[in-house]
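The values are calculated or read from the model by the stated rules, or taken from the named source; none is laboratory data. Not measured: the values here are computed from a predicted model. Please note: Cβ atoms are built from the backbone with ideal geometry, for glycine as well, and neighbour counts cover all protein chains shown. Protein only, heavy atoms only, side chains kept; ligands, DNA and RNA dropped before computing areas. Shrake-Rupley method; radii C 1.70, N 1.55, O 1.52, S 1.80 Å.
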Amino acid sequence: IVFVGHSLGGANAVLSALKFAKDNEYIKDSIRVWTFGQPRVGNRQFSEYYTEMLGNQTYRITYQGDIVPHVPPWQVLGYQHHPLEIHVINKDGDFYVCQNTVREDLDGAYRWPTIDTGVADHLDYFGKPEITRFDPLIEW
């Protein structure tokens, strides 16, 4: 059972997978979660609980200077990411697998100061504008 989402859809995938895992613990090990450009979903307590439930089955993909993984700001509101982050560092697809801990890994998306992030990288995962993957009416 795979939950996938981009941006807010990634946050929804995380919440939906967690609810499904809680309601169906007997098949929890068959769940996988893939998110792309996901914002922070909860505080440290949520992140630790999520990691306990689905941490080894979740892959959070971030891309270069995408601004969305930087929101909401953890410094002000206490939001934190859950692991495991795979940070894509260029259009060639080179990546870094961040430490499997509940914190902001300085080798992942957090390596980009928020002031240096933007929407362009949020819309351009793996070198293609995200919308073109889902809308058959858009041609290259």
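Quick notes on this structure:
- Enumeration of residues in the range 73-86 that are of a type outside the set (Val, Ile, Thr) and more than 13 Å from the chain's Cα centre (by Cα): Pro73, Trp74, Gln75, Leu77, Gly78, Tyr79
- For the range 77-91, filtered to residues that are assigned to a strand (DSSP E or B) and not hydroxyl-bearing (Ser, Thr, Tyr), the residue that is surrounded by the most Cβ atoms within 10 Å (Cβ to Cβ) is Glu85.
- Residue in the range 28-41 that is surrounded by fewer than 18 Cβ atoms within 10 Å (Cβ to Cβ) and β-branched (Val, Ile, Thr) present: no
- In the range 2-41, the residues that are under 22 Å from Gly118 (Cα atoms) and small (Gly, Ala, Ser): Gly5, Ser7, Gly9, Gly10, Ala11, Gly37
- Restricting attention to the range 49-72 and to residues that are of a type in the set (Ser, Thr, Tyr) and over 12 Å from the mean Cα position of the chain (by Cα), the residue that is least open to solvent (accessible area, probe 1.4 Å) turns out to be Tyr50.
- Among (1) more than 11 Å from the chain's Cα centre (by Cα); (2) closer than 19 Å to Leu15 by Cα; (3) of a type in the set (Ser, Thr, Tyr), the one test that Tyr96 misses: (2)
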